[in-house]
1. Taking Asn91 as meeting all but one of (1) modelled with pLDDT under 90; (2) open to solvent by 90 Å² or more (accessible area, probe 1.4 Å); (3) of a type in the set (S, T, N, Q), write down the number of the exception.
2. List the pairs whose first member sits in segment 179-190 and is over 14 Å from Gly105 (Cβ atoms), whose second member is surrounded by fewer than 15 Cβ atoms within 10 Å (Cβ to Cβ) and modelled with pLDDT of 85 or more, and whose Cβ atoms are under 6 Å apart, counting only residues at least 6 apart or on separate chains?
3. Any residue in segment 139-157 that's without any contact (Cβ under 8 Å) to a residue 60 or more places away in the chain and farther than 15 Å from Cys62 by Cα: show its pairings with residues that are of a type in the set (D, E, K, R) and open to solvent by 80 Å² or more (accessible area, probe 1.4 Å) at Cβ separation under 9 Å, as long as the two are six or more apart or on different chains.
4. Going through Ala45, Ala21 one at a time, which residue ends up being within 24 Å of Trp158 (Cα to Cα) and either loosely packed, with under 13 Cβ neighbours inside 10 Å or modelled with pLDDT of 95 or more (or both)?
5. With respect to Ala136, determine if the residue is farther than 25 Å from Ala74 by Cα and open to solvent by 50 Å² or more (accessible area, probe 1.4 Å).
6. For segment 1-42, what are the residues that are closer than 15 Å to Ile63 by Cα and touching a residue at least 60 places away in the same chain (Cβ under 8 Å)?
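The values are calculated or read from the model by the stated rules, or taken from the named source; none is laboratory data. The model shown is predicted, which means the values in this text are computed figures rather than measured ones. FYI the Cβ positions are ideal-geometry reconstructions off the backbone, even for glycines, and counts take in every protein chain you see. Keep in mind that these areas ignore ligands, DNA and RNA; they rest on the heavy atoms of the full protein, side chains included. Shrake-Rupley method; radii C 1.70, N 1.55, O 1.52, S 1.80 Å.
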Amino acid sequence: MFLKALDSLEEWLIAFLMGGATLVIFAAVTHRYALDLSARYHFTAIYDTLFAINMSWAQELCIYMFVWMAKFGAAYGVRTGIHVGVDVVVNRFKPEVRGRFIIFGLFAGALFTGTIGVLGAHFVWDNGMHYAVFNALGWDTGTLPEGPITPDLEWPTWAVYSAIPLGSSLMCFRFLQVFWQFRKTGELPQHDHAHVEGIAEAKAMPLDANPYGMDDNLHLRDIKQRSADRKEQDKP
């Protein structure tokens, strides 16, 4: 139950970040293009209205959204097996040797992402999160630094940089999850790049099927079949 909820949250977050960034970029480009046209053709009223709308924050927001999407998308890639891997040599080994290399690779990935998650958490805590938490709880902040803010959005940078410990920790968890599944089933997650979610797969054509003799208008007919069809149609 917990894993299904986590999977859904991960997928919804990635979809929201991708869709949101696309909409923000579209709005910013449209605003800039409309502002340029109104200035070129001297539409003063439209220009003044558009000029009053500040879209300078759009680029910064999109950058942050793509960073968050990349971090959580990497965790999604581990879970679904869509990361590119050079496994030509490993696949030539015997099953037991291949399994050891796979386990080593999964543990190495978990160790690396776990280390990044811990170091990232320390960095975010010292970058202003410590002050924000103490201030929100009403505790004495003392000489704790408030931390810097972003240039355009004026958000605390520790909130933006939280993508590092959160995404890396989730990625570490996904490596351990894949390891556990590999120990149980001996299989790694595989992603079919040709499959489109929501579209039913077409049934494979039988090996002994004659495409020239099918009773539909989607396949060619051979000359003999055409002649037989015409004779059948010409019968009184």
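1. (2)
2. Every condition considered, the pairs that remain are Gln190/Gly81.
3. Short answer, once both residue conditions are applied: Pro145/Asp126; Gly147/Asp126; Pro156/Glu146.
4. Every option except Ala21 fails the conditions.
5. When the stated conditions are applied, Ala136 passes them.
6. Answer for segment 1-42, where residues must be closer than 15 Å to Ile63 by Cα and touching a residue at least 60 places away in the same chain (Cβ under 8 Å): just Ile14.
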